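S.K.: Below you'll find the structure I mean.
The values are calculated or read from the model by the stated rules, or taken from the named source; none is laboratory data. From a predicted model like this one, the values you see are computed outputs, not experimental measurements. No Cβ is skipped: glycine too gets one built from the backbone with ideal geometry, and neighbour counts run over all protein chains shown.
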Amino acid sequence: MSLISNCGRSTSSYRDNYNVTIQQTTVTDAASGLDLIAVGELVKNVTDAESFERALNDPAEKVNNLDLDENGKTDYIEVTEYGADSLRGFSLTTQLTDGQEQEIATIEIEKNADGYANVQTHGNQQIYGNNHYYHSRVSLTDILVVGWLFSGNRPDYSSPWGYGRYPTYYSPYNVRSQSNYKRDISSRVSKSNMQRSTTSTVSSSVSSPNANKSAANIKAPLRSPTTSQKSFQARNPSKTIASGGFGRPKSSPTPSRPSVKFSSGSSSRSGSLFGGK
């Protein structure tokens, strides 16, 4: 009688397959909802402040994907005009549910005597971090809004709208995924000649009338939040943070270890890479 046994079989004949999956979540912070290069390109094709505000909030333009309160709807952006002499600007703000307002960014246009203008976008420090500028030099003939901006003899435009008070052409629309947003603005950004800078490139120093407007109740992650914003976010964590994308809440379970699969012929077993069940 023959006895066949696999007991002496060398372990080197086993083929070990290690299937390890590492899942990484990309943080979607507040700044990723409004690309400042896309904003700078958009302003070159509007005729006045009101049309700029309309274009910013037009879902067909696909420039605005801001959601500071993380309610799933894109925030309505209000435009306020300001400036003096050779510099005119637009302050972009949004109003949150309880009436608090947050300045998002400014866009300034400085008219030069040589037939060109400096166009500069400046992201709010709390949202975009410190010294976040983009700028370009543009022929006056290539920026339609210049004629209106420097016409004089009219009041500066200030948006009459806010949270829950929208123009008849507008209704809140859903926020897009970050990948879709980047795809939608890619053509504007890739064709732009705007350059990043850590300092202002305009010579005039006119302050935005909304420079001190800061909303404490912002849920989306901020790059340089105020003390009150930090306090609010500690009590009301972002959806991104709560899901483990930007830190892990205290109540989160310990993540499972990656699995390892061993196989040899018809036999298989699975277990943890570092031991355990």
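S.K.: Kindly indicate which of Glu50, Glu70 is in contact (Cβ under 8 Å) with a residue 40 or more places away in the chain and assigned to a loop (DSSP other than H, G, I, E, B). If you could, list the steps in order and put the result at the bottom.
M.R.: Values: Glu50 fails: assigned to a loop (DSSP other than H, G, I, E, B).
Every option except Glu70 fails the conditions.
S.K.: Any chance the range 176-196 includes a residue that's among the hydrophobic types (A, V, I, L, M, F, W, C), buried (at least 16 other Cβ atoms within 10 Å of the Cβ) and modelled with pLDDT of 95 or more? Even if it seems obvious, please write down each step before you answer.
M.R.: The first filter runs over the range 176-196 and keeps only residues among the hydrophobic types (A, V, I, L, M, F, W, C), leaving 185, 189, 194.
If we keep only those that are buried (at least 16 other Cβ atoms within 10 Å of the Cβ) as well, we get 185, 194.
Restricting the remaining residues to those that are modelled with pLDDT of 95 or more gives 185, 194.
Within the range 176-196 (the criterion being among the hydrophobic types (A, V, I, L, M, F, W, C), buried (at least 16 other Cβ atoms within 10 Å of the Cβ) and modelled with pLDDT of 95 or more), the answer is yes, since at least one residue qualifies.
S.K.: Next question, about the same structure. Taking interchain pairs and intrachain pairs at least six residues apart, which have beta carbon atoms under 7 angstrom, with the first residue in the range 117-130 and within 8 Å of Arg223 (Cβ to Cβ) and the second part of a helix (DSSP H, G or I)?
M.R.: Gln126/Gln229; Ile127/Ala30; Ile127/Ala31; Tyr128/Ala31
S.K.: Let me ask something else about it. Looking at Pro221, is it under 28 Å from Pro59 (Cβ atoms), surrounded by 13 or more Cβ atoms within 10 Å (Cβ to Cβ) and in contact with a helix residue (DSSP H, G or I) (Cβ under 8 Å, 6 or more places away or on another chain)? Explain how you work it out, then say what you get.
M.R.: On the way: under 28 Å from Pro59 (Cβ atoms): yes; surrounded by 13 or more Cβ atoms within 10 Å (Cβ to Cβ): yes; in contact with a helix residue (DSSP H, G or I) (Cβ under 8 Å, 6 or more places away or on another chain): yes.
Considered against the rule, which asks whether it is under 28 Å from Pro59 (Cβ atoms), surrounded by 13 or more Cβ atoms within 10 Å (Cβ to Cβ) and in contact with a helix residue (DSSP H, G or I) (Cβ under 8 Å, 6 or more places away or on another chain), Pro221 comes out as yes.
S.K.: Something else: Here are Glu50, Glu110, Glu103, Glu81: which of them is buried (at least 20 other Cβ atoms within 10 Å of the Cβ), more than 23 Å from Val189 (Cβ to Cβ) and among the acidic types (Asp, Glu)? Write out each step before concluding.
M.R.: Values: Glu50 fails: buried (at least 20 other Cβ atoms within 10 Å of the Cβ); Glu110 fails: more than 23 Å from Val189 (Cβ to Cβ); Glu103 fails: more than 23 Å from Val189 (Cβ to Cβ).
The match here is Glu81.
S.K.: May I pose another question? Test each condition in (1) buried (at least 17 other Cβ atoms within 10 Å of the Cβ); (2) under 18 Å from Arg188 (Cβ atoms) for Val146 and report the one that comes out false.
M.R.: (2)
S.K.: Still on this structure: Considering only the range 32-83, state which residues are in contact with an Asp or Glu (Cβ under 8 Å, 6 or more places away or on another chain) and acidic (Asp, Glu).
M.R.: Glu53, Asp67, Asp69, Asp75, Glu78, Glu81, listed by residue number.
S.K.: Restricting attention to the range 114-137, and to residues there that are small (Gly, Ala, Ser) and under 18 Å from Asn193 (Cα atoms), which single residue is surrounded by the most Cβ atoms within 10 Å (Cβ to Cβ)? Before you say what the answer is, go through the steps one by one.
M.R.: Looking only at the range 114-137, we keep the residues that are small (Gly, Ala, Ser), and these are 115, 117, 123, 129, 136.
After this cut, where a residue has to be under 18 Å from Asn193 (Cα atoms) as well, the list is 115, 117, 123, 136.
Details: Gly115: 9, Ala117: 27, Gly123: 24, Ser136: 19.
Only one residue fits best here, namely Ala117.
S.K.: Okay, moving on. In the range 122-138, what residues are assigned to a strand (DSSP E or B) and among the polar types (S, T, N, Q)? I'd like the intermediate steps shown before the answer.
M.R.: Our first condition is that a residue be assigned to a strand (DSSP E or B); within the range 122-138, this holds for 122-123, 133-138.
Passing the criteria: only Ser136.
S.K.: Against the definition (over 17 Å from Arg54 (Cβ atoms), touching a Gly at 6+ places or on another chain (Cβ under 8 Å) and modelled with pLDDT of 95 or more), how does His132 come out, yes or no? Give the derivation first.
M.R.: Values: over 17 Å from Arg54 (Cβ atoms): yes; touching a Gly at 6+ places or on another chain (Cβ under 8 Å): yes; modelled with pLDDT of 95 or more: yes.
For His132, the condition - over 17 Å from Arg54 (Cβ atoms), touching a Gly at 6+ places or on another chain (Cβ under 8 Å) and modelled with pLDDT of 95 or more - is met.
S.K.: Continuing with the same structure: Kindly indicate the residue of the range 97-109 that is assigned to a strand (DSSP E or B) and in contact with a Gly (Cβ under 9 Å, 6 or more places away or on another chain) and also nearest to Val146 (Cα to Cα) among those meeting that condition. Explain how you work it out, then say what you get.
M.R.: Step one: of the range 97-109, the residues assigned to a strand (DSSP E or B) are 101-109.
Subset that is in contact with a Gly (Cβ under 9 Å, 6 or more places away or on another chain): 101, 104-109.
Working: Glu101: 28, Ile104: 22, Ala105: 19, Thr106: 16, Ile107: 13, Glu108: 11, Ile109: 8 Å.
Checking each candidate, the answer is Ile109.
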